[in-house]
1. Could you sort 159-166, 34-41, 101-108, 188-195 so that the peptide with the highest average Cβ count within 10 Å comes first and the rest follow in order?
2. Of the residues PHE116, PHE69, PHE148, which exhibits the maximal mean-square fluctuation in a Gaussian network model of the chain defined by a 10 Å Cα contact cut-off?
3. What's the exposure ranking of LEU120, LEU131, LEU206, going from fewest to most Cβ atoms within 10 Å?
4. Give me the angle, in degrees from 0 to 90, between the Cα long axis of helix 138-148 and the longest principal axis of the Cα atoms of the chain, rounded to the nearest 10.
5. Report, ordered by chain and residue number, the lysines lying within cross-link reach of LYS36, taken as a straight Cα distance under 16 Å and ignoring same-chain residues fewer than 8 apart.
6. If you add up the charges near SER165, with Lys and Arg at +1 and Asp and Glu at -1, over every other residue whose beta carbon is less than 13 angstrom from its beta carbon, what do you get?
7. Expressed as a rounded percentage, what relative contact order does region 7-121 have, with Cα pairs under 8 Å and six or more residues apart?
8. Of (i) 0.99; (ii) 1.05; (iii) 1.25, which is the value of Cα Rg over 2.2 N^0.38 Å derived from the coordinates here?
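Here, each number is a calculation from the coordinates, and none is a lab measurement. None of the values given here were measured: they were computed from a predicted structure. Virtual Cβ from ideal backbone geometry, glycine too; neighbours counted across all protein chains shown.
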Amino acid sequence: MKFKRQPDDILKKLGIYEPEDIDLDLVAYSLNADVKRSALFDCEGNIIGTDEKAIITINKDADPRRQRFSLGHELGHWVNDRGKNLTYRCDTDDMRQRSMSKDNFRQQKEVRANQFSAELMMPSHIFGRYLNDIDITADSVNYLANEFDTSRTSTAIRFVEVSSSPCMIVCWDKSGKRRWFSRNPIVPDYIWPHTSIMQPKNAFTLSNGIEVDADKWINNEGSEDFSVVESVFSNGYDILSLIWWKDESHLNQPN
């Protein structure tokens, strides 16, 4: 995704090369944005700005990792959407936007701000180093989330984006309906997860790096003939399945 300034470049200019040094308040200061924390009842964060200066307010009652993501999100608006009358009030739904709608300009900006936040907290020049020789499992997601002080959901999405192995993250509601998914570039576009799971209580048993038949999660014809490695975990309200193709030759099956 294109930004007016790349998160990696912003952090490198500040001399930030380790996860513990990613101080978003410092980043905001360097970008001429003041950060305040107050009780907010109708949003998770808001920004008011002109061409040169911005004031960002973050909900102080939110989980600390949510506050970090919200600040990164508002900085995404500041970097990419600034103008004479920049004003955004962003709620939880805005910060869960994953896919762009061609006809919804506001949604496109929210998706871009979410992506900017994720890349600012887990920049490729740092995050990529941590993926060497690491299995694509729930344990790895937990490890990375602790190292980068990020949520399990955003960490899993970023893990899939940056990984050099074919993998996918799928979010399901507890009834078994697919909410969203993200595949990394190695996984062909014709491979899709199921739209719903028939027996969610059985499928959503928590797991960590277990080899299963691919047709448990994948909808494509022939998926019953190969396996994937799954990790199933919860983010507190939805179920996430992290899927890894250990054998890349299975991705070359005819569609």
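1. 159-166, 188-195, 34-41, 101-108
2. Maximum among the listed residues: PHE148.
3. Fewest-to-most ranking of LEU120, LEU131, LEU206: LEU206, LEU131, LEU120.
4. Between the helix axis and the principal axis of the chain, the angle is about 10 degrees.
5. Within reach: LYS53, LYS60.
6. Around SER165, the surrounding residues sum to -3.
7. Once divided by the residue count of region 7-121, the mean separation gives 26 percent.
8. Computing Cα Rg over 2.2 N^0.38 Å and matching it to (i) 0.99; (ii) 1.05; (iii) 1.25 gives (ii).
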